[in-house]
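Some notes on the structure that comes next.
Read the figures in this text as sums done on the coordinates, not as results from a lab. Since we're looking at a predicted model, the values are computed, not measured. Using ideal geometry, Cβ is built from the backbone for each residue, glycine included, and neighbour counts are taken over all protein chains shown.
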Amino acid sequence: MENKIIGIKNLHYSYPDGTKALCDINLEIQRGESLGIIGSNGAGKSTLLLHFNGILRGRGEISVLGNNLTDKNLPLIRSMVGLVFQDADSQLFMPTVFDDVSFGPINMGMPRQDVEKSVKKALKEVDMLVSIKRSSHHLSVGEKKRIAIATVLSMNPQILVLDEPSSNLDPKHRRALIKLLNMLEMTKIIATHDLDLISQTCSRVVLMEEGKIVSGGLCPDFLAEAASLC
Ligand SMILES: Nc1ncnc2c1ncn2[C@@H]1O[C@H](COP(=O)(O)OP(=O)(O)OP(=O)(O)O)[C@@H](O)[C@H]1O
Ligand SMILES: [Mg+2]
């Protein structure tokens, strides 16, 4: 069985205003791997993550579990890749926390009786079960971040893509997130400035600069080398 879970070849992306954000990205990610993506502000980390489930569509080739990212395969790929946005407000749009966290599972056709179980499990994992009936918009920034993570965990995706998952988390919930990430067996891709989180959760890391992947290597050696560059 092939071990590659995501393949990206010669990916280029420019935003509609002409900003070149990705330039000739080539990357392979293996099943079960935890990959960290680091790089300075504006390096292109979030832009790259938004390609993993086709929210942005650049020029080049992307395949997920052997399926090319095309219009036809988009629903299939979105059911396999769970993406947590850098900005939690972009992820939360329903009237209540329950509605937000059940949106993904309902949308991908999970049987109703399983949806509630899955929502409660995900909320428990981020320590937010007590807020199940509240409005997501009334939560604090860090609480919203944890709900945003739950909206993806509830879908039990094969690939978990997280953009700055520890931003705005208090130390206790940051530690809990690291523990949770280490317990989850799916493939993980994490973009962050939190190098300590990467060293505790990732086996490999790539460094981005000005829209390119400029280097990469195994943790912890490469991380120590790259820390001064971003
Ligand atoms: N909607 C947009 N329209 C135009 N340019 C954009 C847009 N979003 C991002 N950019 C530009 O694309 C480049 C890459 O941005 P991106 O958000 O991917 O960086 P990042 O590595 O995630 O940075 P950060 O560490 O600040 O999150 C930057 O030059 C940024 O200004
Ligand atoms: Mg970003």
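Mind listing just one residue for me: the one in the range 108-131 that is closer than 22 Å to residue 166 by Cα and β-branched (Val, Ile, Thr) and, of those, surrounded by the most Cβ atoms within 10 Å (Cβ to Cβ)? I'd like the intermediate steps shown before the answer.
Residues of the range 108-131 closer than 22 Å to residue 166 by Cα: 119-131.
Narrowing the set further to residues that are β-branched (Val, Ile, Thr) leaves 119, 126, 130.
Values: 119: 27, 126: 23, 130: 10.
Filtering first and then ranking leaves 119.
Can you find, within the range 54-72, the residue that is surrounded by the most Cβ atoms within 10 Å (Cβ to Cβ) among those that are within 15 Å of ligand 1 (Cβ to nearest atom) and under 16 Å from the mean Cα position of the chain (by Cα)?
Among them, the one singled out is 56.
Can you name every one of the helices (runs of 4 or more DSSP H) wholly within the range 112-197 that holds 3 or more residues which are free of Cβ contacts under 8 Å to residues at least 24 places away in the same chain?
On the way: elements: 112-125, 141-153, 171-183.
Output list reads 112-125, 171-183.
I'd like the full set of residues that are hydrophobic (A, V, I, L, M, F, W, C) and in a loop (DSSP other than H, G, I, E, B), limited to the range 52-72.
Matches in the range 52-72: 55, 56, 65, 69.
Among the residues of the range 7-47, which ones are exposed (fewer than 15 other Cβ atoms within 10 Å of the Cβ) and within 13 Å of ligand 1 (Cβ to nearest atom)?
Across the range 7-47, the qualifying residues are 12, 15, 16, 17, 18, 19, 20, 40, 41, 42.
Take the residues in the range 198-230 that are part of a strand (DSSP E or B) and of a type in the set (D, E, K, R), then tell me which one is farthest from ligand 2 (Cβ to nearest atom).
Taking the range 198-230 and keeping what is part of a strand (DSSP E or B), we get 204-209, 212-218.
Those left that are additionally of a type in the set (D, E, K, R): 204, 209, 212.
On the way: 204: 19, 209: 14, 212: 15 Å.
Selected residue: 204.
Please work out which one of (1) over 20 Å from residue 230 (Cβ atoms); (2) surrounded by fewer than 17 Cβ atoms within 10 Å (Cβ to Cβ); (3) within 12 Å of ligand 1 (Cβ to nearest atom) is the condition residue 75 fails and give its number.
Status for residue 75: all satisfied but (3).
Using beta carbons and a limit of 9 Å, which pairs, at least six apart or on different chains, have the first residue in the range 22-46 and charged (D, E, K, R) and the second one within 16 Å of ligand 2 (Cβ to nearest atom) and outside any loop (DSSP other than H, G, I, E, B)?
From the range 22-46, the pairs are 24/212; 24/213; 33/189; 45/37; 45/38; 45/163; 45/191; 45/208.
Can you name the residue in the range 150-170 that is of a type in the set (Val, Ile, Thr) and more than 14 Å from residue 37 (Cβ to Cβ) and, of all such residues, is nearest to ligand 2 (Cβ to nearest atom)?
Filtering first and then ranking leaves 152.
Return the residues of the range 29-51 that are over 12 Å from the mean Cα position of the chain (by Cα), polar (S, T, N, Q) and outside any loop (DSSP other than H, G, I, E, B); say none if nothing qualifies.
30 - this is the single residue of the range 29-51 that is over 12 Å from the mean Cα position of the chain (by Cα), polar (S, T, N, Q) and outside any loop (DSSP other than H, G, I, E, B).
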